[in-house]
1. For region 52-62, name all the residues that are over 21 Å from Val326 (Cα atoms), surrounded by 12 or more Cβ atoms within 10 Å (Cβ to Cβ) and more than 15 Å from the ligand (Cβ to nearest atom).
2. In this structure, does Leu268 turn out to be assigned to a loop (DSSP other than H, G, I, E, B), away from the ligand (no atom under 12 Å from the Cβ), in contact with a Leu (Cβ under 8 Å, 6 or more places away or on another chain) and among the hydrophobic types (A, V, I, L, M, F, W, C)?
3. Pull up region 207-235, narrow it to residues that are part of a strand (DSSP E or B) and aliphatic (A, V, I, L, M), then point me to the one that is surrounded by the most Cβ atoms within 10 Å (Cβ to Cβ).
4. Across region 274-332, what is the number of residues that are in a loop (DSSP other than H, G, I, E, B), on the phi > 0 side of the Ramachandran plot and within 15 Å of the ligand (Cβ to nearest atom)?
5. Sort through Phe317, Phe300 and tell me the only one that's surrounded by 13 or more Cβ atoms within 10 Å (Cβ to Cβ), out of contact with any Lys or Arg (no Cβ under 7 Å at 6 or more places or on another chain) and under 29 Å from Trp97 (Cα atoms).
6. Answer with yes or no whether Val102 is assigned by TED's automatic domain parsing to the domain that holds Ser43, away from the ligand (no atom under 16 Å from the Cβ), in contact (Cβ under 8 Å) with a residue 12 or more places away in the chain and among the hydrophobic types (A, V, I, L, M, F, W, C).
7. Is at least one residue of region 250-265 in contact (Cβ under 8 Å) with a residue 40 or more places away in the chain and more than 8 Å from the ligand (Cβ to nearest atom)?
Amino acid sequence: YKRIVLNSRPLADIEPTTFRTETLPLDLKPGAREVLVQVTWLSLDPAMRGYIRDVRSYLPPVQIGETMRAQGLGVVVQAGTDSALTVGQLVSGPFGWTEFAVMKDKNVEKITVPEGVQALDFLNTLGSSGLTAYFGLRDVCDLKRGDKLLVSGAAGSVGSVVCQLGKRAGATVYAIAGSPDKCAWLEKELGVDKAFNYKSPTFRQDFKEAGFIDVYFDNVGGDILDMVLTRLNKGARIALCGAISQYNATKPKGLQNYLTLISMRAKLQGFIILDYTSEFPAAIEEMARGLADGSIKRKFHIVEGLEQAPVALPMLFSGGNTGKLVVKVSEE
Ligand code: NDP
């Protein structure tokens with residue numbers, strides 16, 4: 001079977017030598033309270049750039065020679081002694097970039113796919129992306145009906161859910177994304193009030209149309225965050241969800257306009273979705289209802305084959321994906 005390991009730490013952008021594929025004999029045996037999982041799908045996430053950086057963070061860095069960390073879906077193909085799982089069970093877990101993984105029972109989640117929803121949604125709207133949108137908006141943004149909500153990285157996996165939940169909560173939603181096609185999808189399919197293309201030469205001028213903002217759900221950081229700091233309403237809230245524009249930087253950019261946080265009595269707060277796991281089931285149930293009745297829409301960008309993971313991951317940094325970027329590893 002194949003697995004992909006970290007080969008070297010990139011200084012800036014991910015390089016062809018960053019990862020290495022290994023082929024190993026399929027002699028994996030689950031021990032007590034363990035299972036052997038055949039991986040079907042893997043999620044590609046901007047956070048992976050952080051996992052391969054040798055710095056203190058909310059998870060330890062992936063070491064050189066270790067299987068690259070990744071969340072995925074899979075099927076139990078063998079159960080060890082005393083395992084609570086049975087062969088054929090659909091599961092999610094941090095399998096990593098591999099075709100097969102031995103996992104402890106306690107490190108996988110059984111998945112039951114609700115009516116009107118597909119298994120793959122558990123890597124997107126019903127997985128960490130959708131839940132990040134849900135809890136970020138609920139706990140960090142303090143969004144109220146009538147607020148002006150701005151979302152960056154809006155056509156991505158997290159951003160597209162934030163936009164839709166924002167509309168559902170009665171906000172006026174402004175979106176920032178990197179192409180005319182993405183902006184059209186956001187306005188026509190997801191119902192955002194206005195989407196702005198930050199790669200347009202007239203972006204800064206165009207953006208003034210949004211007026212002043214009550215809530216900013218920030219996925220990108222950098223220059224866009226700095227610009228938004230000059231466009232805050234009094235009492236504005238900024239949820240620092242991510243800063244993808246800075247993940248490949250050797251030295252992340254400082255903010256020039258942060259003093260407006262004082263004059264506008266604004267709040268800027270980071271958060272990590274892992275702190276909300278106890279509340280996941282209820283949120284998943286609510287979002288699954290939205291998917292099933294069509295009120296929450298989603299798009300997948302599917303890449304075929306585990307060996308494509310290292311070339312697909314940089315797509316997140318060039319904006320090649322609309323919606324959730326996933327790798328299909330084997331048939332469900
Ligand atoms: P996306 O599906 O949004 O993919 C990333 C997108 O970011 C790209 O499609 C691209 O779209 C945009 N982008 C890339 N580079 C830049 C740049 N320099 N400036 C502006 N936009 C850029 O990824 P996710 O939805 O998985 O993640 C979105 C954010 O949420 C990330 O920052 C991630 O780290 C964060 N996150 C945080 C979590 C938490 O617990 N706090 C949990 C999960 C995710 P475009 O074409 O528009 O440029």
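The values are calculated or read from the model by the stated rules, or taken from the named source; none is laboratory data. Remember, it's a predicted structure, so these values are computed and weren't measured experimentally. Glycine gets a Cβ as well: all are built from the backbone with ideal geometry, and neighbour counts include every protein chain shown.
1. Residue satisfying the conditions is Pro61 alone.
2. The answer is no for Leu268.
3. Among those residues, the one meeting the criterion is Val215.
4. 1
5. Checking each option against the conditions leaves just Phe317.
6. yes
7. Step one: filter region 250-265 for residues in contact (Cβ under 8 Å) with a residue 40 or more places away in the chain, giving 250.
If we keep only those that are more than 8 Å from the ligand (Cβ to nearest atom) too, we end up with 250.
Checking region 250-265: at least one residue is in contact (Cβ under 8 Å) with a residue 40 or more places away in the chain and more than 8 Å from the ligand (Cβ to nearest atom).
Residue by residue, here is whether (1) within 14 Å of the ligand (Cβ to nearest atom); (2) closer than 21 Å to Thr277 by Cβ; (3) among the β-branched types (Val, Ile, Thr); (4) surrounded by fewer than 18 Cβ atoms within 10 Å (Cβ to Cβ) holds:
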| position | (1), (2), (3), (4) |
| --- | --- |
| Thr98 | no, no, yes, no |
| Val113 | no, yes, yes, yes |
| Gln118 | no, no, no, yes |
| Ser129 | yes, yes, no, no |
| Leu190 | yes, no, no, no |
| Gln205 | no, no, no, yes |
